[in-house]
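One structure is given below, encoded as structure tokens.
The values are calculated or read from the model by the stated rules, or taken from the named source; none is laboratory data. Quantities reported herein were computed from a predicted structural model and do not represent experimental measurements. Here the Cβ positions follow ideal geometry from the backbone for every residue, glycine too, while neighbour counts run over all protein chains shown. SASA here: full protein model, heavy atoms, side chains in, ligands and nucleic acids out. Shrake-Rupley method; radii C 1.70, N 1.55, O 1.52, S 1.80 Å.
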Amino acid sequence: VQLQASGGGLVQAGGSLRLSCAASGRTFSNSVKGWFRQAPGKEREFVACISWNTRDTYYVNSMKGRFTISRDNAKNTVYLQMNSLKPEDTAVYYCARRPPGGTYYSANGYDYWGQGTQVTVSS
């Protein structure tokens, strides 16, 4: 499985970005897709994830109401719509895949990762 993240960039505080993550190669129809981020000098942290059938979504509390995760299984693509961006959202954002079940917010359970896309929010 190859995951290709895109859509990052430079945006002013209060602005929006939509990240995309396209999967290619061997794809798993029942996989959970997630987004993580890593700011300079900080550990990688969970952002959001979505179940294969889109029924279940999970967000870190600080991003609820601002970020929305979605997926289009026909396109093998997962999205992260980010609104009301803040300077503290500046980070490299990674998409990842994991099998269903387990601890969804733990990076350890994700077995395939994209290369990351930089999001920079200016004040």
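Can you give the FRET efficiency for Ser84 and Arg26, using 1/(1 + (r/R0)^6), R0 = 30 Å, r = Cβ-Cβ distance, to the nearest 0.05?
Step by step, r from the Cβ atoms, then E = 0.25.
Please list 3J(HN,Hα) in residue order for the stretch 90-105, calculated via the Karplus relation 6.51 cos²θ - 1.76 cosθ + 1.60 where θ = phi - 60°; whole Hz, with x for glycine and proline.
Calculated HN-Hα couplings, in order: 4, 4, 8, 9, 10, 9, 8, 10, 9, x, x, x, x, 8, 5, 8 Hz.
Could you give the length gained by full extension between Asp56 and Ser122, i.e. 0.36 nm per residue of separation minus their alpha carbon distance, to one decimal place?
Separation in residues times 0.36 nm, less the Cα-Cα distance, equals 20.6 nm.
Accessible area per residue, 1.4 Å probe, Å², for the chain: what's the number?
Here the per-residue accessible area is 52 Å².
Quick one: Debye curve from the C-alpha atoms of the stretch 37-98, no solvent, what's log10 I(q)/I(0) at q = 0.19, 0.22 Å⁻¹?
-0.75, -0.97
Leaving out same-chain residues fewer than 8 places away, which lysines sit with a Cα under 28 Å from that of Lys86?
Qualifying lysines at Cα under 28 Å: Lys33, Lys42, Lys64.
Suppose R0 equals 22 Å. What FRET efficiency, 1/(1 + (r/R0)^6) with r the Cβ-Cβ distance, do Arg66 and Glu45 give to the nearest 0.05?
0.90
On the accessible surface of the stretch 7-66, probed at 1.4 Å, how many percent belong to carbon and sulfur atoms?
Carbon and sulfur atoms account for 45 percent of the accessible area of the stretch 7-66.
Under 8 Å for C-alpha pairs, at least 6 residues apart: give me the relative contact order for the stretch 13-123, rounded to a whole percent.
It comes to 33 percent, rounded to a whole number.
How big is D, in µm² s⁻¹, for the stretch 73-114 by Stokes-Einstein at 37 °C and 0.692 mPa s if Rh is the Kirkwood radius over C-alpha pairs?
This corresponds to a translational diffusion coefficient of 261 µm²/s.
Suppose we take every Cα in the chain and form the convex hull; what volume per residue is that in Å³?
91
What Cys residues in the chain have no fellow cysteine's beta-carbon under 4.7 angstrom?
Lacking a cysteine Cβ partner under 4.7 Å: Cys49.
Stretch Ser6-Asp111 to full length: gain in nm at 0.36 nm per residue minus the Cα-Cα span?
Value of the extension gain: 35.9 nm.
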